[in-house]
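Read-outs: derived from the displayed coordinates by stated rules, not from any lab. Everything numeric in this text was worked out from a predicted model, so none of it was measured. Every residue, glycine as well, gets a Cβ built from its backbone with ideal geometry; the counts of neighbours run over all protein chains shown.
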């Protein structure tokens with residue numbers, strides 16, 4: 001299903017004039033230099049081919065992408081040449097490896113020369129004659145004595161080259177006569193077996209090895225594979241040492257799915273990288289509105305900083321402006337009627353990949369109508385919504401923010417778990433319960449961390465509270481459990497014991513802060529929070545005695561004392577003593593009660609609430 005979806009997307013991309021997608025028989029390759037030739041094939045010079053690109057605050061130069069004859073697949077020490085383009089060892093007979101491996105570049109240049117001459121002699125045109133003459137007369141040793149070599153020697157060895165006639169607007173491989181020769185060569189020199197393609201269901205030439213997938217962070221620079229067999233244990237009966245015949249896929253289908261996936265991995269707008277998991281997404285439509293909306297709703301905070309782009313149509317710009325307006329004013333994204341402008345029934349695909357040696361592992365694959373995909377994203381944002389420390393409802397957290405909250409800020413080298421990243425993304429897309437590993441990791445961070453303003457560490461912040469709330473909402477959605485406690489703001493009517501204990505701890509911490517004349521080295525949260533959360537029966541009697549001491553010293557001690565009495569009445573410890581232990585779910589409710597009470601202290605009260613507090 002994955003390969004079928006990618007192959008269909010490739011056919012859509014071919015109809016679109018904007019993306020740089022290679023047609024069958026060609027590849028999109030980074031090219032660093034053009035070799036300028038005269039009509040007679042004389043080398044006139046080298047022209048650097050590069051474009052400026054903004055990366056963060058820096059502007060860098062990168063090679064341009066050109067559509068060149070299809071790249072050959074070099075495995076091991078095989079010497080195979082590309083047509084009318086290649087690296088310095090093949091095109092110019094130059095390589096740094098000659099120092100350790102004599103004749104390394106000479107052998108490769110000879111291969112490139114023989115292969116290209118055999119094809120160029122079939123093309124009767126001026127560009128082919130120029131390259132033919134150049135390759136026939138070129139000598140690498142002579143070239144190394146020229147000024148052209150000395151001017152570019154540092155950048156030549158790792159570069160790719162194409163050919164161009166002087167005063168011509170086209171590269172030589174773009175000449176139509178030469179392209180026809182190349183297509184004829186591909187069709188004539190195919191000795192692939194004929195079989196039934198698993199992707200299209202048609203009879204086709206079955207490929208033994210598939211093109212590499214490039215652009216997955218952590219994967220091999222030469223590329224990784226999705227379909228490959230190199231051990232007997234992975235092969236089916238009667239398919240020994242037959243590589244791709246074990247999963248027969250036609251040549252065109254293979255080219256389609258690999259080209260589409262490589263295009264997505266090179267895109268800046270259809271790819272997200274999450275700690276070892278690379279996510280690509282696409283719609284079964286030529287309309288870019290679908291991927292723009294998915295990206296904006298997946299990470300709404302990024303919409304704030306998005307400027308109008310000439311690459312986006314007016315319809316997309318209007319919808320993104322509406323999303324930004326909702327975010328700015330704290331409105332739910334459900335208020336936007338997205339489906340007046342897009343077709344909610346269009347299939348939308350999300351694919352998660354991770355590198356695994358020379359292969360790419362599939363973390364998840366989601367295939368739903370666009371309307372369902374967006375609905376699941378909105379449910380995720382609703383479940384995560386919570387009041388922050390400033391009295392505002394925070395609704396929008398990116399998955400990257402959620403995952404990084406599980407990592408200690410004390411170490412710069414640690415990264416989130418790739419497995420956790422994929423599991424959380426999958427839960428969001430499919431509206432499933434969040435993984436227990438996420439919840440346990442957040443509780444572990446709360447137990448381990450201590451507040452540290454200098455390092456930006458906060459033991460319990462709004463994001464950690466939101467994750468706990470969302471996890472428990474999804475876990476107990478159909479059981480009607482903890483519904484009164486799993487709210488965006490403080491619920492003063494809740495009688496849940498764990499929630500009340502969390503509130504009580506927050507009030508006692510506030511009493512200590514009010515009594516302190518200077519900043520404390522260690523608060524009761526630093527010393528007692530973990531034990532109070534896990535074993536309330538042994539910790540809260542101590543805290544209640546301490547709170548009376550703090551209340552007696554505080555200027556507003558009566559307010560804290562009244563709050564403690566109100567919560568103690570709801571707890572009714574005579575009938576329901578402090579529990580000896582709280583399980584993991586109850587510990588989450590404890591944290592949520594603590595956070596809600598703390599946030600309630602600092603949010604801006606209405607006149608009615610202020611009067612009630614004073615009374």
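Quick notes on this structure:
- The base-10 log of I(q)/I(0) for the chain, evaluated at q = 0.07 Å⁻¹, reads -0.61 [Debye formula, identical scatterers on Cα atoms, solvent excluded].
- Alpha carbon centroid spacing (whole Å) that separates the range 158-201 from the range 545-600: 75 Å
- Computed over the range 497-614: relative contact order in percent, which uses C-alpha pairs under 8 Å that are six or more apart: 48 percent
- Across the range 32-189, Cα pairs under 8 Å and at least six residues apart give a relative contact order of 29 percent.
- Calculated P(r) of the range 1-132 - Cα pairs past 22 Å, %: 53 percent
- For the range 453-546, the C-alpha radius of gyration divided by 2.2 N^0.38 Å, with N the number of residues, is 1.22.
- Packing-based order for 408-421, 169-182, 351-364, 249-262, using average beta carbon neighbours within 10 Å, highest first: 249-262, 351-364, 169-182, 408-421
- The chain: angle of helix 147-156 to the longest principal axis, Cα-based, in degrees nearest 10: 40 degrees
- Relative contact order (%) - the chain, alpha-carbon pairs under 8 angstrom, separation at least six: 10 percent
- Overall, the ratio between the Cα radius of gyration of the range 480-615 and 2.2 N^0.38 Å, rounded to two decimals, is 1.02.
- Seen against the Cα atoms of the chain and their longest principal axis, helix 370-384 is set at about 40 degrees.
- Nearest-ten-degree value, helix 104-120 long axis tilted from longest Cα axis of the chain: 70 degrees
- The range 1-78 versus the range 85-157: alpha-carbon centroid distance in Å: 20 Å
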